[in-house]
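The numbers here are math on the coordinates, done by the rules we state, and not lab data. The shown structure was predicted, so the numbers you read here are calculated from the model rather than taken from an experiment.
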Amino acid sequence: MNHQQFENFTASSLYCEKCKAAMPVRERLLLVLPDREIFDYLCTGCGSSVGRREVTAGEKLMAEAMARRRPRRSVALQ
Ligand SMILES: [Zn+2]
């Protein structure tokens, strides 16, 4: 199982004001913009939003490349 790269990419737990503790979070895609995507982090305990993250197109490509160990075809970037 290759979870290490995934953990680098997503926050696994954040402090929740309601739960008064660091809680595991769920990532939800909030908004898709032409050059970035905005993710919302939801506490798995109470469901409230505890954080937000912006991923630019370049970061997303890198993260996807790391998450996908098997490229289906080689794409030359630039
Ligand atoms: Zn909570």
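Amide H contacts of Ser48 (H built 1.01 Å from N, in plane; Pro and chain starts excluded): Cys43 sit under 5 Å, all sequence-distant by 5 or more or on other chains.
Evaluating 6.51 cos²θ - 1.76 cosθ + 1.60 at θ = phi - 60° for every residue in region 21-30, the Karplus couplings come out as 7, 6, 10, x, 10, 10, 9, 10, 6, 9 Hz, glycine and proline recorded as x.
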